[in-house]
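To start, the structure itself, in structure tokens.
The values are calculated or read from the model by the stated rules, or taken from the named source; none is laboratory data. The structure presented is a predicted model; accordingly, all values stated were derived computationally and were not measured. Using ideal geometry, Cβ is built from the backbone for each residue, glycine included, and neighbour counts are taken over all protein chains shown. Remember, those area values only see protein heavy atoms, side chains included, never the ligands or the DNA or RNA. Shrake-Rupley method; radii C 1.70, N 1.55, O 1.52, S 1.80 Å.
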Amino acid sequence: MSDSYFKTLQEMSKRHGWGCILVLPDKFKEFLLKYRPKSILDIGCHRMYLQGFIKKVLGDCEYIGLDVYHYGSKIHIQASGDLIPLRPNSFDCACLIETLEHIPNYTECLRFLHQVIKKAVFIQSVGCWDKCALIDESHFHVLHPHNLAKLMKFLGYKNIYYGIVKGTFWLVGEK
């Protein structure tokens, strides 16, 4: 991808304030306790707000935050979610909290993640039935958990399961 692609994403991120909105903390906590990752990659980490939540739930867990923009804070990796610069099997788990719909090539992001994780990925996103998903100009995609699950199965994920709570969906896919 070109530098202009990355700069465009950075500008959109700054303008719209993408960031972590953990609407379903109980579901994310269940995920953490089920898979007990020793390392986790947070794609779309914003100011790395999840780091404290993860530490509270798991104690000692290596946390790496990746985002397209730094938001005035010190993130670990500055990159786009569809251009993940990591080696295969680098992390036990990964999470995308209100992020996947903001990534232009989200299929490539999911493909990269399948290579990077050892155990599973957790996704939380506003559903396609939510008005916000339809009018938010920072969304590249309007996602539906059923269709996302089919895509992830096609990409090689296994034991995919999801649910919907108050207009927001969560989805887990295992490697």
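Scan the stretch 129-140 and tell me whether some residue there is within 15 Å of the chain's Cα centre (by Cα) and modelled with pLDDT of 95 or more. So far as the stretch 129-140 goes, no, none of its residues is within 15 Å of the chain's Cα centre (by Cα) and modelled with pLDDT of 95 or more.
Once the stretch 92-122 is narrowed to residues that are touching a helix residue (DSSP H, G or I) at 6+ places or on another chain (Cβ under 6 Å) and part of a strand (DSSP E or B), the residue that is most open to solvent (accessible area, probe 1.4 Å) is LYS119. Taking the criterion of being part of a loop (DSSP other than H, G, I, E, B) and at pLDDT 95 or above, the residues of the stretch 19-47 that qualify are ARG36, PRO37, LYS38. Give me the residue from the stretch 70-124 that is among the aromatic types (Phe, Trp, Tyr) and at pLDDT 80 or above and, out of that set, farthest from LEU41 (Cα to Cα). Here the residue is TYR106. Within the stretch 48-61, the set of residues being within 27 Å of ARG111 (Cβ to Cβ), open to solvent by less than 70 Å² (accessible area, probe 1.4 Å) and part of a loop (DSSP other than H, G, I, E, B) comprises MET48, CYS61. Close contacts from the stretch 157-175, counting a first residue that is under 17 Å from GLU101 (Cβ atoms) and a second that is assigned to a loop (DSSP other than H, G, I, E, B) and among the charged types (D, E, K, R), with Cβ to Cβ under 7 Å and a gap of 6+ residues or different chains, come to GLY167/ASP130. The number of residues in the stretch 62-79 that are under 19 Å from SER39 (Cα atoms) and open to solvent by 20 Å² or more (accessible area, probe 1.4 Å) comes to 7. Exactly one residue out of LYS153, LYS166 is at pLDDT 85 or above and open to solvent by 60 Å² or more (accessible area, probe 1.4 Å): that is LYS153.
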